[in-house]
Every structure is written in structure tokens, then in C-alpha cells.
Amino acid sequence: MNEQAMQQLRRLEIFQGLHDEELLKVVNLCRIWRIEPDQIIFKEGDIGDEMFFIHEGSVTVSITTRSPEGGSITGTINTLFAGQSFGEMVLMDGANRSATVTSIEPCVLLVLRERDFANLCGSYPRIGYRVMYNLACDLAYKLRSSNLLLRGNIRWRRNELSRRA
């Protein structure tokens, strides 16, 4: 792997703090997936065993909720860009996908299977610690973003945003 490729991989938030040798161990487990715009990567409720790192491009994360009339509506809860990851909850709890992820533009994704990551962590605990720490920070950011969106939506539905304090 040439130096330019290593520089790009170091920019991925999930790999921050890994030494080059450690980064290569993780990257060697990943496969590259190139996708076109408007392609569903996975759907809410799907079973999954992979997480994804955005090397190039961007994706939207959306969930389905119930409308006041009783139907269902889909809403975007986040947009993710190069250097960010998604699908990481599979590494932590193995539950079904909690959202739908769709490409916005052509994307290059690195795909890491949960089983491969678990085996790597067993052999190299420092890698596991750094990646899980970075995942925790990223999940905290995403949770805060979702909470802000939800808070604003609740306030909008209660018409609080149009009132003066």
C-alpha cells in the first residue's frame, strides 16, 4: 500500500490512534465496495454482520416512524461523509439494523465483518480498544445529533417554535 493510500485511511475517524502496522491489520480484513448514487446499502430491520467506513462519498441515514394519521413516514436523521462509519452497532450488540442507509453520490466503502473484527481484537487488544473507543465517540456524536433533531421535531409539532418566550 503506498503512502498516499495510507494517508487517506488515517483520515477515517474510526482508525484514529492506530499505528501504521495496526491500521494495515484492520485494512487487510476489509473489502472495498463501490456503489452508485441512490443505492440502498441496507434497510432498517435487516440482519447484518458488517460495518462500513466511508472512504469516498456520502450517505443518508433514515428511519421509519408513525405519522399522526397512523401511517408510516420516512425521515432522514443524519448525513454521513468520507471519514465516518455506519453499521457499527453490529459490532456491539448484533441486533438488526436500526436504520436504512442510502448512498447520495458514488461511494467507496470499506466493509468489515464483525467476526473478522472480533478475531482481530482477540489477537491485538490495543487495536480493539482504539477502534471501540473511536466507535463510542462517534456513536455519542450521532446520538447527540439525533436528539437535537428529535427535540426540534417535538417542539415543532407542539408549535413551540412559533411562540415567543
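Every read-out reported here was derived from the displayed coordinates using simple, explicitly stated rules and does not represent laboratory data. Here the structure is a predicted model, which means the values were calculated and not measured. We place every Cβ from the backbone using ideal geometry, glycine too, and count neighbours over all the protein chains shown.
Which of the following values of percent of Cα pairs over 28 Å apart was calculated from the structure shown: (i) 17; (ii) 28; (iii) 24?
(ii)
For the chain, list the DSSP H helices whose alpha carbon atoms reach 18 Å or more along the long axis and whose average Kyte-Doolittle value is 1.6 or above? Please report the intermediate quantities before stating the final value.
On the way: long enough: 125-157 (47 Å, -0.29).
Helices meeting the criterion: none.
Between Q7 and T79, what FRET efficiency comes out of the Förster formula 1/(1 + (r/R0)^6) with R0 = 22 Å and r the beta carbon distance, rounded to 0.05?
Efficiency computed from Cβ-Cβ geometry: 0.35.
Could you bin all the Cα-Cα distances of the range 12-90 into 5 Å bins starting at 0 and give me the percent of pairs in each, rounded to whole numbers?
3, 11, 20, 23, 17, 11, 7, 4, 2, 1, 0
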